[in-house]
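Please read the structure below before turning to the comments.
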Amino acid sequence: MAVQSSLPPDLFDQTTIISLLSTLAIVLVAYSVSRIALPRASTTATVRFLFIWHLADALCHFILEGSFLYHCFFSYIPASEVGDRLADLVPTPYNFLGYENGRVYGPQSGGDNPFAQLWMVYARADKRWAGADLGVISLELLTVFFDGPLAVYICYLLAKKNPMANIWMIVLATCELYGGFMTFCPEWLTGNINLDGSNFMYMWVYLVFFNMLWVFIPLFAVVYSIRDISNAFAVRQAATQTRKKL
């Protein structure tokens with residue numbers, strides 16, 4: 001990871017603060033919906049937490065990561081207009097979307113668009129999110145179009161007290177854990193050349209905190225679901241033994 005002796009001047013600029021507040025807003029929306037969708041008296045704190053997590057997860061996938069995909073596919077600058085800035089931009093892969101050369105894609109080409117600026121803030125810690133990284137795009141396509149809808153479906157099942165929510169929470173958690181591993185394993189194998197952990201914000205907030213949420217909470221969902229499924233099997237086994245005795 002890159003190391004620098006002084007903090008960057010834009011560490012707490014307006015764009016950064018708005019970007020961080022946007023994630024808080026997503027959590028608040030998910031909490032507000034949980035108060036409407038889940039009955040207060042009969043909903044445990046754990047179920048409410050899982051509902052809030054999965055709805056916030058879906059909103060992050062749809063809004064934030066969906067905006068990343070949009071800029072990867074639709075925001076570009078002709079290379080001829082970049083000039084001397086070309087060396088400072090994340091290069092676009094050869095033949096991306098059928099264009100052999102001449103275009104620079106990604107949030108870095110999104111100009112003043114708020115979501116492009118949001119991703120450029122995160123790209124200070126992981127520059128792959130500034131451009132059109134093929135590995136990241138491939139994972140985000142699955143995240144937005146599979147994980148997002150599945151998270152919404154899980155919220156529906158939790159609201160309906162449908163035990164099938166346990167099965168789908170395990171499926172989604174497995175996807176999230178695999179996606180996280182495939183996001184960072186290429187960096188680990190190449191010495192973290194795209195990562196910048198030179199200050200507290202980049203290292204512990206952007207890279208560690210925001211990414212480890214999608215490790216520990218999915219693991220918690222897996223443990224909860226396995227226990228609930230195991231309890232159901234135990235009840236069925238006890239009922240079977242009771243019938244045999246009769």
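The values are calculated or read from the model by the stated rules, or taken from the named source; none is laboratory data. Keep in mind that this is a model prediction, so the values were computed, not measured. No Cβ is skipped: glycine too gets one built from the backbone with ideal geometry, and neighbour counts run over all protein chains shown.
Output the residue which, of all residues in segment 151-164 that are without any contact (Cβ under 8 Å) to a residue 40 or more places away in the chain and outside any loop (DSSP other than H, G, I, E, B), is surrounded by the fewest Cβ atoms within 10 Å (Cβ to Cβ). My answer is Met164. For beta carbons closer than 7 Å, sequence separation of 6+ or different chains, a first residue in segment 117-135 that is closer than 11 Å to Thr16 by Cβ and surrounded by fewer than 23 Cβ atoms within 10 Å (Cβ to Cβ) and a second that is modelled with pLDDT of 95 or more and of a type outside the set (A, V, I, L, M), the qualifying pairs are Met120/Pro107; Met120/Gln108; Tyr122/Trp129. Taking each residue of segment 220-246 that is charged (D, E, K, R) and looking for partners that are modelled with pLDDT of 85 or more with beta-carbon atoms closer than 6 Å, six or more apart or interchain, yields Asp228/Asn166. Scanning segment 86-123 for residues being of a type outside the set (A, V, I, L, M), in contact with a strand residue (DSSP E or B) (Cβ under 9 Å, 6 or more places away or on another chain) and assigned to a helix (DSSP H, G or I) gives a total of 2.
Could you pull out every one of the helices (runs of 4 or more DSSP H) wholly within segment 34-84 that has 1 or more residues that are touching a Gly at 6+ places or on another chain (Cβ under 7 Å), more than 18 Å from Tyr105 (Cβ to Cβ) and in contact (Cβ under 8 Å) with a residue 60 or more places away in the chain?
Working: elements: 45-59, 66-74, 79-82.
Qualifying helices (runs of 4 or more DSSP H): 45-59.
Taking each residue of segment 91-103 that is of a type in the set (Lys, Arg) and looking for partners that are assigned to a loop (DSSP other than H, G, I, E, B) and surrounded by 10 or more Cβ atoms within 10 Å (Cβ to Cβ) with beta-carbon atoms closer than 9 Å, six or more apart or interchain, yields Arg103/Thr92; Arg103/Leu97.
From Val90, Val121, Val136, which residue is at pLDDT below 95, under 26 Å from Ile217 (Cα atoms), hydrophobic (A, V, I, L, M, F, W, C) and within 23 Å of the chain's Cα centre (by Cα)?
Val121
Look at (1) among the aromatic types (Phe, Trp, Tyr); (2) exposed (fewer than 14 other Cβ atoms within 10 Å of the Cβ); (3) in contact (Cβ under 8 Å) with a residue 60 or more places away in the chain and you find that Tyr202 fails only one, number (2). Taken together, Ala232, Ala159 contain a single residue that is over 28 Å from Leu20 (Cα atoms), at pLDDT below 95 and not hydroxyl-bearing (Ser, Thr, Tyr), which is Ala232.
The requirement of being of a type in the set (Ser, Thr, Tyr), surrounded by fewer than 19 Cβ atoms within 10 Å (Cβ to Cβ) and touching a Cys at 6+ places or on another chain (Cβ under 9 Å) is not satisfied by Thr44.
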